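First the structure, in the form of C-alpha cells, and then the observations on it.
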2 protein chains.
Amino acid sequence: MTLSEENYLKAIYHISDVCEGGISTNAIAEKMNTKASSVTDMIKKLSEKGLLNYKRYKGSELTEKGKFVAANIIRKHRLWEVFLVEKLNFTWDEVHDVAEQLEHIKSEKLINQLDEFLGFPKRDPHGDPIPDKDGNVSDNADVLLVTLHENEKGIIVGVKDSSSSFLKYLDKQGIALGKKVKVIDKEPFDNSMKIRIKKEEFMISQQIANNIYIKK
Amino acid sequence: MTLSEENYLKAIYHISDVCEGGISTNAIAEKMNTKASSVTDMIKKLSEKGLLNYKRYKGSELTEKGKFVAANIIRKHRLWEVFLVEKLNFTWDEVHDVAEQLEHIKSEKLINQLDEFLGFPKRDPHGDPIPDKDGNVSDNADVLLVTLHENEKGIIVGVKDSSSSFLKYLDKQGIALGKKVKVIDKEPFDNSMKIRIKKEEFMISQQIANNIYIKK
DNA sequence: CTATTTTTTTAGACAAGACTAAAAATTAAA
DNA sequence: TTTAATTTTTAGTCTTGTCTAAAAAAATAG
Ligand SMILES: [Mn+2]
Ligand SMILES: [Mn+2]
Ligand SMILES: [Mn+2]
Ligand SMILES: [Mn+2]
C-alpha cells in the first residue's frame, strides 16, 4: 500500500458513508482535490488489487478487503488524534493535519500498543467512533442538532465538520462534547435556532446546527 | 523536503561523523543501498537547495543548513525511539524501523511536545545523544569497549550497532546500558576479551567489543 | 610518465502519480 | 428521439527518484 493508495481508499470509504451505491469518479476527484483522469488511473489499480469493484463508466465500490484496509487507516488516524489531545496537549482543532501523516505509519504493534496506552478509547476528539482491529465501527444512532425540535434536549457527542475554524468557533461559544443542550426556539425562516447550554442562551445558524451530533 | 531528500541528508550526516572531509558518492550510495548514479542526481539537487556543497568529482559536504536539517531528523528519530520503549513497551531492538518512518512526520509542535512528554531525555534507548531544537549534539567522550586494557573498568553507555540481532545478543548475555563492566583478560591473537558484569565473567569477540560504548 | 583500474558522471529508460486536451459514453433536454 | 450537456475515459506529457550502460575524470601501478 502506497501513501496515495491509502488516501484514495480512505476517501472512497468516507464518501460511501454518505452516498449509496457506486461512487462516481468525480466525487472521488473532488474529495481528493485531484482530477478525474487521475482518479480513473488509480481506481484501475485498486481494482486490480482487489480493493474495489469497478466497471468502466459505472463507478466504484469498495470490496470487503478494501473496507477493512480503509477502516484500519481511519482507526490509526483517530487513535493518533486522541494521543495528540490527551497526551501532548494539542487542541481539537490542531490534530487533523498531523494525524493525516501519522495514519500512514506501518506497524501493527505500534497501533495496538498505542490503543492500550490510551485506554482503548471509543471515540476521537471530534466524537467520531474508532474502528476496532477487525475494522468494525460502532454505528452510532446519533442525530444532527438541526433535526431537534423546540424544547427537545440532548447531549453533544460529535461534530461533522472537523475544520479548525469550526472547532475554534465552538470553543469560543462554549460548545463542547459532553455538554447538555436544549432547543429553546427555532426560526423556520432560516432554520437558525436558539439553544441553551449551562443556563446560557444564544443563537446558532443552521450551518452550525447541521454540523453537531446529538445523543437524545 | 521530500522523504528521499531527508534520508540522503541523514545518511551523509552520519557518514560525516566517522569520515573527515568531503563524502564520496560511493560511500553515500552504499549507506543508502542505492547506485552511485542515483546519488549524483540527488546531491546535485541538495546542492542547489543549499543543503550541501558539491563540486563534480570532489565529493559532498553538508552546509550548516544541511547539518541543521539532518540533526533535526535524527532528533525526531531518537525521541520516537524513546517514546516507543518508555511508553509503548517496545524492546530496544524493535524500535528502529518504526522510528525510520516516524522521523519524517512534519510538525514542530508535535516533536517539542513529545520531548516534554518524555521528560526531555538526553539519550535514546541505544545510548545515542538526542540533538536539541537547535541541532546541537552533546559530543560524548565515550570510548569503545575494545579500547579498554586489562583491569580497566567503565560503565556501558551506548551501542554502535543498533541492529536487532546485535541487541538481542546483548539482552541474552545480560549486557545493558548502565551496567558496570571490568576487563578481566585480553587475548592479543584475536582481540577477544573476558569481561565481568555483576560478578559474572564471560568471553566476547572483538566484533562485540567494537560495538559497545563505555564511559570510563 | 604512460597504462590500467577505480570512481564518478552522463545519457537514456522506467514506474508512480499527477496534469491537459481530446475522445467516448452516459444523461438530460428539447 | 434526436440534440446538447455532462461525466468518464484515453492519449500523451511531466516530475521524482530509481536503474543500466557507457563515457569521462581521477587515482594507482609499472
Ligand atoms: Mn481528523
Ligand atoms: Mn477526528
Ligand atoms: Mn534507530
Ligand atoms: Mn537509536
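Read the figures in this text as sums done on the coordinates, not as results from a lab. The model shown is predicted, which means the values in this text are computed figures rather than measured ones. Don't worry about glycine lacking a Cβ; one is built from the backbone with ideal geometry, like all the others, and counts go over all protein chains shown.
Report the full-extension gain for the segment A:Glu20 to A:Phe189: residue separation times 0.36 nm, less the Cα-Cα distance, to one decimal in nm.
Working: separation 169, 0.36 × 169 = 60.84 nm, distance 3.05 nm.
Gain on stretching A:Glu20 to A:Phe189: 57.8 nm.
Under the definition of partner shielding as Cβ atoms of other protein chains within 10 Å of a residue Cβ, what is the mean value for peptide B:102-108?
Details: counts 5, 0, 3, 6, 3, 9, 0.
What the average comes to for B:102-108 is 4.
For chain A, list the DSSP H helices whose alpha carbon atoms reach 15 Å or more along the long axis and whose average Kyte-Doolittle value is -1.0 or above? Don't jump to the answer; show the numbers that get you there.
Details: long enough: A:3-18 (24 Å, -0.17); A:36-48 (18 Å, -0.13); A:64-86 (32 Å, -0.03).
Result, helices passing both filters: A:3-18, A:36-48, A:64-86.
Report, to two decimal places, the Cα Rg of chain B normalised by 2.2 N^0.38 Å (N = number of residues). Before the final figure, lay out each step's value.
Values: Rg = 19.0 Å, N = 216, 2.2 N^0.38 = 17.0 Å.
My calculation over the Cα atoms of chain B gives 1.12.
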Subject >> Theoretical ellipticity at 222 nm over chain A - DSSP helices of four or more residues, -39500 (n - 2.57) apiece, nearest 500 >> reply: -13000 deg cm²/dmol
Original post:
For A:Asn151 and A:Ala176, what does the FRET efficiency come to when R0 = 22 Å and r is the distance between their Cβ atoms, rounded to the nearest 0.05?
Top reply: 0.50
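Would you mind giving the mean number of other chain beta-carbons within 10 Å of the Cβ of each residue in B:80-90, as a whole number? Don't jump to the answer; show the numbers that get you there.
On the way: counts 2, 0, 0, 3, 5, 0, 0, 5, 9, 4, 4.
Taking all residues of B:80-90 together, the mean is 3.
What is the calculated FRET efficiency for B:Lys106 to A:Met1, with r their C-beta to C-beta distance and R₀ = 25 Å, to the nearest 0.05? Walk me through the numbers before you get to the answer.
Working: r = 21 Å, r/R0 = 0.82.
Computed FRET efficiency for B:Lys106 and A:Met1: 0.75.
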Original post:
Using alpha-carbon positions, what is the distance between the centroids of region A:1-80 and region A:136-215, in Å?
Top reply: 30
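Using r as the Cβ-Cβ distance of A:Glu61 and B:Lys58, and R0 as 35 Å, what FRET efficiency do you calculate, to the nearest 0.05? Display every interim value, and only then the final one.
On the way: r = 57 Å, r/R0 = 1.63.
Efficiency for this residue pair is about 0.05.
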**OP:** First obtain the Kirkwood hydrodynamic radius of the protein assembly as shown from its Cα pairs, then insert it into the Stokes-Einstein equation at 25 °C and 0.890 mPa s, and state the resulting D in µm² per second as a whole number.
**Re:** 96
Subject >> Per-q log10 I(q)/I(0), region B:143-215, q = 0.20, 0.22 Å⁻¹ (Debye; single scatterer per alpha-carbon; no solvent) >> reply: -0.76, -0.94
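Enter the mean number of other protein chain beta carbons within 10 Å of the beta carbon of each residue in A:49-56, as an integer.
On the way: counts 0, 0, 0, 0, 0, 0, 0, 0.
Going residue by residue through A:49-56 and averaging, the value is 0.
Semi-axes of the equivalent ellipsoid of region A:72-139: what are they in whole Å, largest first, if each equals the square root of 5 times a C-alpha gyration tensor eigenvalue? Show your work: numbers first, answer last.
Numbers: eigenvalues 54, 35, 26 Å².
Values for region A:72-139, descending: 16, 13, 11 Å.
Provide B:His104, A:His14 in ascending order of the number of other Cβ atoms located within 10 Å of each residue's Cβ, fewest first.
Working: B:His104 18, A:His14 14.
Ranking B:His104, A:His14 by Cβ neighbours within 10 Å, fewest first, gives A:His14, B:His104.
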**OP:** For chain A, with a Gaussian network of springs between Cα atoms less than 10 Å apart, report the residue from A:Arg196, A:Arg123, A:Arg78 with the top mean-square fluctuation.
**Re:** A:Arg196
